[in-house]
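Some notes on the structure that comes next.
The values are calculated or read from the model by the stated rules, or taken from the named source; none is laboratory data. Remember, it's a predicted structure, so these values are computed and weren't measured experimentally. Cβ: placed from backbone, ideal geometry, glycine included. Neighbour counts: every protein chain shown. Ligands, DNA and RNA are excluded from the accessible area calculation, which covers all protein heavy atoms including side chains. Shrake-Rupley method; radii C 1.70, N 1.55, O 1.52, S 1.80 Å.
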Amino acid sequence: MRVGIIGTGSMGKNHLRVVNNIPELELTCAADINRENLDLACEPYDIKKQTEYKKIVDDVDMVMVATPTESHYPIAKFFLENGKHVLVEKPFTFNIGQADELIDLAKEKGLVLAVGHLERFNPAVEYVKDQVNKPLFIEVQRLGPFSPRSLDVDVIMDLMIHDLDIIMQWDKSGIKNINASGVPIISNKIDIANVRLEFNSGLIANVTASRVSQKKTRKLRIFQRNQYFSVDYKKKQVKAFKLAGGEVLEDVPELDQIEPLQNLWNNFYTSIKTGSNRNVTGDDGRAALSLAIDIAETINKTKIEL
């Protein structure tokens, strides 16, 4: 299947590299309004290059939209309208109305629409996915140094949204209460944030995200009855602890170290070929976006009150 990459910045370059190495996919073209970035990113590949994304429509069966968030909606809409499968970087869209329209359009056209929540395809997350059953408490730390890569969005949309998506796959009971705080440090948007989520099921999730920390930390801890999982996103490692017969048993399973981005593309391709969903769907992306917006609004209300 023919693939085009739209947006050749930091993530776009990674998508070019991964797609080029998947035998079932043919990297045919890329588009970017910045000609210099486009030429540099595409230098290793013998593909077509365009500064106008609409000009690649006849050269693709599917596209990855890796542009700034505000342009996700018009680009994804164009390709869906023209019968192409679409994978969109997170956050899915700029607002909920745009997300709903793209979801409806994909269903109407019978096309696959997926969102690039990459951490879902981390081998460590995939390992614990089916073992998590009625979690009682979840703690997440996603911290990293400052990067100008995603300053079009705040840290909630940039980093925290990964973990919101993962948590909501385990608990779909809905949010009962949001207690959040956050501040801008380097940019004019929220750069560090903490949120305590109370779900209707009773689950409590405490999530911290920062893009102004010195050390890169990517940790997820899940507590449920008689069991505890510690996930290191960065190392792609899981430690599982279980209470059995009055003893705490520790297990550190050997995991397949496949690159999450390759895993994401393999699942996207398989979903298209087989008709079975193996993606983070448009509905999943919408749910994560909606919660991220609610968290940001909660923080902004608190700032106004102060």
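Observations, loosely collected:
- Residue among 176, 134 that alone is in a strand (DSSP E or B), open to solvent by 50 Å² or more (accessible area, probe 1.4 Å) and either touching a Gly at 6+ places or on another chain (Cβ under 9 Å) or more than 21 Å from residue 72 (Cβ to Cβ) (or both): 176
- Single residue of segment 201-219 satisfying the filter (small (Gly, Ala, Ser) and more than 22 Å from the chain's Cα centre (by Cα)) that is nearest to residue 180 (Cα to Cα): 202
- Only residues that are at pLDDT 95 or above, open to solvent by 30 Å² or more (accessible area, probe 1.4 Å) and of a type outside the set (D, E, K, R) were counted across segment 184-201, and they come to 4.
- Yes/no for residue 243 being in a strand (DSSP E or B) and open to solvent by 20 Å² or more (accessible area, probe 1.4 Å): yes
- The lone criterion from (1) of a type outside the set (S, T, N, Q); (2) open to solvent by less than 60 Å² (accessible area, probe 1.4 Å); (3) farther than 21 Å from residue 267 by Cβ; (4) not in a helix (DSSP H, G or I) left unmet by residue 105 is number (4).
- Close pairs (9 angstrom Cβ cut-off, 6 or more residues apart or separate chains): touching a residue at least 60 places away in the same chain (Cβ under 8 Å) in segment 116-142, open to solvent by 70 Å² or more (accessible area, probe 1.4 Å) and basic (Lys, Arg) anywhere: 120/129; 124/235; 133/225; 134/225; 136/225
- As for segment 202-219, it holds no residue that is in contact with a helix residue (DSSP H, G or I) (Cβ under 9 Å, 6 or more places away or on another chain), surrounded by fewer than 17 Cβ atoms within 10 Å (Cβ to Cβ), modelled with pLDDT of 95 or more and under 15 Å from residue 122 (Cα atoms).
- Members of segment 25-48 found to be over 20 Å from residue 89 (Cα atoms) and either buried (at least 19 other Cβ atoms within 10 Å of the Cβ) or not aromatic (Phe, Trp, Tyr) (or both), listed by number: 35, 36, 39, 40, 43, 44, 46, 47, 48
- Single residue of segment 220-235 satisfying the filter (within 20 Å of the chain's Cα centre (by Cα) and either at positive phi or not in a strand (DSSP E or B) (or both)) that is surrounded by the most Cβ atoms within 10 Å (Cβ to Cβ): 233
- Residue 162 vs. criteria within 30 Å of residue 300 (Cα to Cα) and at pLDDT 95 or above: yes
- Odd one out for residue 181, checked against (1) over 21 Å from residue 283 (Cβ atoms); (2) open to solvent by 30 Å² or more (accessible area, probe 1.4 Å); (3) without any contact (Cβ under 8 Å) to a residue 40 or more places away in the chain; (4) not basic (Lys, Arg): (3)
- Of all the residues in segment 141-160, those that are within 17 Å of residue 219 (Cβ to Cβ), open to solvent by less than 40 Å² (accessible area, probe 1.4 Å) and either polar (S, T, N, Q) or within 15 Å of the chain's Cα centre (by Cα) (or both) number 4.
- Among the candidates 207, 212, 238, residue that is touching a Pro at 6+ places or on another chain (Cβ under 9 Å), in a strand (DSSP E or B) and within 20 Å of residue 142 (Cα to Cα): 238
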